[in-house]
Amino acid sequence: MTTNTVASKIPFSDLCKLCEKVSCAKKPHKQEILKKYIKYFRDYAEKFTSESPQVDTSFYPVMRLLLPQLDRERGPYGVKEHTLAVIYIRILCLPKGEIDAEKLLNYRAPKSGGSQAGDFADVAYWILKRKCPDKGNLTVENVNNYLDNIALKNASNDRRGMELELIQMLKDMSAFDQKWLIRILLKDMKLGLGQTSIFNAFHLDAKDLYDVSNSLEKICNMLKDPNHRLHELEVEIFSPFRPMLAEQCSIQKVEECFKRHSLFYVETKHDGERFQLHYKNNTFKYFSRNGFEYTEVYGSSSYKGGLSPQLAKCISKNITSCIIDGEMMVWDKRKKFFRTKGENIEVKALKESSGLKPCFCVFDVLMYNDQVVTNKPLEDRYALLKEIFIPEEGVVMLTERTKVTSKEEVISHINQAIDSKLEGIMMKQPMSVYKPNNRKAGWYKIKPEYTEGLMDHLDTIIMGGYYGEGRRSGFISHFLVGLAVPNTEGDPVEFHSLTRVGSGYTMTKLEELLSKMDPHWNRVVPGVRPSGLEWAREKPDVWIEPQKSYILQIKATEIVDSRQNAFKTNYTLRFPRVEDIRYDKKWSDCMTLAEFEDLRKNAEGK
Ligand code: ATP
């Protein structure tokens with residue numbers, strides 16, 4: 001079928017030649033080659049329109065083949081290297097064990113893949129070269145039609161139909177065309193030219209428009225003229241945008257942040273999956289960070305899906321439309337807490353029977369009753385966000401946020417986050433506007449590992465325990481650990497408290513440790529200090545005799561002064577985490593205060 005489009009006039013082989021030229025060119029020339037091609041396309045399209053005005057001149061059919069990984073209009077093809085290998089072996093009638101069949105099946109192995117090993121498209125090309133026509137006769141439009149059909153057949157689980165479409169297409173292609181088709185199918189073009197360079201070659205506003213729309217089609221249709229610049233780029237309802245990102249920030253950098261701004265917000269850093277919800281007149285659409293739609297999973301209206309029916313009840317009556325940004329989390333209905341990514345639970349495929357459900361933790365708003373609010377400062381957006389819905393535990397929750405005015409406050413929030421087994425915190429500048437896909441616009445992610453000077457591990461002894469709160473109430477979740485102070489003979493007779501630690505281990509590891517310690521805990525009685533255990537203001541709920549205790553190997557970022565006489569050693573650790581429980585070591589193998597002093601002085605000297 002040929003239609004009145006420029007794409008129907010472009011031989012697919014020409015596009016393949018362009019790709020080959022770009023991929024072989026030296027880095028500085030790649031973009032120029034592409035620019036020349038796009039100019040040629042535009043000139044041709046103009047000439048064509050003057051002859052027949054109804055013609056579709058969009059570059060989209062070409063763009064989606066150049067950037068197959070960003071094509072959101074077509075579903076997945078269900079084609080991987082192995083599928084292609086099997087199909088080629090069948091259509092080329094290659095006997096089992098024959099060298100070419102082996103090369104296709106084991107394309108990664110240097111032995112069978114030959115000099116092209118590792119790249120399936122290249123391996124296939126050298127095999128097909130001897131067996132296929134020299135010239136292909138498909139147009140860009142034909143190839144797109146075939147790819148549409150393949151995606152449709154794959155979506156309806158029609159494997160046979162999918163393969164027939166593919167085979168039909170391959171019959172009309174040269175080996176060279178097939179090499180590039182394979183790369184399109186595998187969504188890895190290996191052009192050596194990044195997507196931003198491809199966008200810039202097309203139009204200077206292409207990248208920004210992609211960030212707010214996630215649509216190659218929109219870019220190609222709205223930016224046909226390279227000299228026409230867009231003034232306002234706005235998010236649109238039901239069109240996925242690229243969410244704003246955060247810059248990595250170390251504690252050292254936090255200090256610099258406070259030199260520039262006196263106030264920041266600290267937010268919980270959720271451990272889920274970034275999602276955006278678009279809502280208008282009882283229609284819901286959910287998109288992932290990369291613009292994939294998951295409305296089927298969460299529900300397109302208040303009548304269906306795993307989240308929308310409950311969420312609809314929380315949306316305020318005066319809200320007609322909104323776009324909100326947040327993190328989709330896994331909520332444990334029975335235990336009433338969030339499960340973490342580390343548990344490998346897929347938030348996009350939760351079963352009713354699992355006792356787990358999705359809960360949307362929202363931290364930003366981009367549209368409020370048809371008004372785009374991305375240019376309002378975060379503090380104003382946050383005020384609007386609070387009006388959109390009434391939070392309900394396990395359905396939709398507002399991300400917790402506190403104001404901070406000093407580095408010390410930020411550090412205390414990180415410590416709390418680590419205590420609660422979170423990997424870090426988010427810090428945001430209250431006046432920042434929402435910039436899609438931007439990582440340097442006023443949002444920071446702070447994790448202990450971004451902080452320089454990570455120290456060696458320390459073997460500390462458990463002196464006491466603290467009962468947990470919330471989900472961890474009723475059992476010991478944190479420990480007071482200390483260092484040994486030997487007598488003149490070198491025997492550890494006293495232990496001085498150093499820090500409190502409550503993260504790093506898994507639940508299973510903690511349970512195993514607690515079961516060993518359980519019979520030996522003693523309640524701390526005010527005013528009574530067990531002999532040999534020296535703590536200061538920071539007192540545990542229960543204590544344990546050193547001889548019955550265990551060694552925790554701890555990693556921290558820094559040794560710092562212990563404030564307000566909190567720990568006996570007068571020092572403490574910043575961001576302590578348990579690396580290992582050393583059952584192989586005896587209680588007396590605990591690090592001594594003198595060894596610790598050496599470490600501290602060494603670290604100071606760095
Ligand atoms: P990045 O998203 O920055 O590329 P990443 O995917 O490796 O990096 P992290 O470094 O762990 O993720 O953290 C950043 C991510 O944290 C964000 O993309 C977002 O999905 C998530 N996040 C969690 N809580 C928040 C929050 N309160 N505000 C913004 N983002 C948050």
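For the stretch 7-100, state which trypsin sites (Lys or Arg not before Pro) are in a DSSP loop and have at most 14 other beta carbons lying within 10 Å of their beta carbon. Numbers along the way, then the final one.
Numbers: sites: K9, K17, K21, K26, K30, K35, K36, K39, R42, K47, R64, R72, R74, K80, R90, K96; in loops: K9, K26, R72, R74, K80, K96.
In loop regions of the stretch 7-100 (DSSP not H, G, I, E or B), the sparsely surrounded trypsin sites (Lys or Arg not before Pro) are K26, K80, K96.
Do any chymotrypsin sites (Phe, Trp or Tyr not before Pro) in the stretch 467-540 lie in a DSSP loop with no more than 16 other beta carbon atoms within 10 Å, and if so, which? Can you show the working numbers first?
On the way: sites: Y467, F475, F479, F495, Y505, W521, W535; in loops: F475, Y505, W521, W535.
Taking the stretch 467-540 and a limit of 16 other Cβ atoms within 10 Å, the loop chymotrypsin sites (Phe, Trp or Tyr not before Pro) found are F475.
Starting from the Cα of K36, draw a straight line to each of the lysines and keep only those under 20 Å, dropping any in the same chain fewer than 8 residues away.
List returned: K9, K17, K21, K26, K27, K47, K190, K207, K224.
Tell me the relative contact order for the stretch 474-555 as a rounded percent, counting alpha carbon contacts under 8 Å between residues six or more apart. Don't skip to the answer; put the middle values down first.
Values: 79 pairs, mean separation 23.7, N = 82.
It comes to 29 percent, rounded to a whole number.
Give the aspartates and glutamates whose C-alpha is closer than 17 Å to that of K187, dropping any in the same chain fewer than 8 places away, or say none.
Cross-link targets: E20, D71, E73, E81, D119, D122, D148, D177.
Taking all protein chains as present, what is the carbon and sulfur share of the accessible area of the stretch 532-606, in % to the nearest whole number, probe 1.4 Å?
On the way: 1620 of 3930 Å².
Using a 1.4 Å probe with all protein chains present, the stretch 532-606 comes out at 41 percent carbon and sulfur.
Hey, which lysines would be in cross-link range of K539, C-alpha to C-alpha under 23 Å, not counting anything within fewer than 8 residues on its own chain?
K421, K516, K548, K555, K568
Whole number please: convex hull volume per residue of the Cα set in the stretch 484-606, in Å³? It would help to have the intermediate numbers written out before the result.
Values: hull volume 14.9 nm³, N = 123.
Expressed per residue, the convex hull around the Cα atoms of the stretch 484-606 is 121 Å³.
Output wanted: per-residue J couplings in Hz (rounded whole) for the stretch 245-260, from phi through Karplus 6.51 cos²θ - 1.76 cosθ + 1.60, θ = phi - 60°, x for Gly and Pro.
Calculated HN-Hα couplings, in order: 10, 10, 8, 5, 9, 8, 4, 4, 6, 4, 4, 5, 4, 6, 6, 8 Hz.
Charges at C-beta only: +1 for Lys and Arg, -1 for Asp and Glu. How large is the resulting dipole of the chain about its Cα centre, in Debye rounded to 20?
Details: 91 positive and 83 negative charges, 228 e Å.
Computed charge dipole of the chain: roughly 1100 debye.
If you project the alpha carbons of the stretch 1-100 onto the principal axes, what extent comes out on each, in Å, largest first?
Projected onto the principal axes, the Cα atoms of the stretch 1-100 cover 57, 38, 25 Å.
Which whole-angstrom value gives the distance between the alpha carbon centres of the stretch 423-442 and the stretch 470-536?
The stretch 423-442 and the stretch 470-536 have Cα centres separated by 39 Å.
In square nanometres and to one decimal, what's the mean projected area of the convex hull around the Cα atoms of the chain? Intermediate results must be reported in sequence, preceding the final value.
Working: hull surface 144.4 nm².
Spelled out: convex hull of the Cα atoms, projected over all directions, averaged, 36.1 nm².
Each residue of the stretch 475-483 in turn: what ³J(HN,Hα) in whole Hz from Karplus with 6.51, -1.76, 1.60 and θ = phi - 60°, glycine and Pro shown as x?
The phi angles translate into 9, 6, 10, 10, 10, 9, 10, x, 10 Hz.
Restricting to Cα atoms and excluding each atom paired with itself, what does the Kirkwood estimate give for the stretch 255-399 in Å? Each step should come with its number before you reach the end.
Details: mean 1/r = 0.0629 Å⁻¹.
The answer is 15.9 Å.
Pick out, in residue order, every one of the trypsin sites (Lys or Arg not before Pro) in the stretch 475-540 that is DSSP loop and has at most 15 other C-beta atoms within 10 Å; say none if there are none. Mind showing how you got there, number by number?
On the way: sites: R500, K509, K516, R523, R537; in loops: R537.
Those satisfying the criteria are R537.
If the limit is 21 Å between Cα atoms, which of K348/K376; K376/K440; K153/K179; K376/K403 go over it? Let's see the in-between values first.
Working: K348/K376 31 Å; K376/K440 17 Å; K153/K179 23 Å; K376/K403 19 Å.
Long pairs (Cα-Cα over 21 Å): K348/K376; K153/K179.
What do you get for Rg/Rh over the stretch 156-306 if you use C-alpha atoms and the Kirkwood form of Rh? Present the calculation step by step, with values, prior to reporting the outcome.
Details: Rg = 21.4 Å, Rh = 20.0 Å.
That ratio equals 1.07.
The values are calculated or read from the model by the stated rules, or taken from the named source; none is laboratory data. Keep in mind the model is a prediction, meaning the values are calculated, not measured. Note: ideal-geometry Cβ built from the backbone for every residue, glycine included; neighbour counts use all protein chains shown. For accessibility, only protein heavy atoms count, side chains too; no ligands or nucleic acids. Shrake-Rupley method; radii C 1.70, N 1.55, O 1.52, S 1.80 Å.
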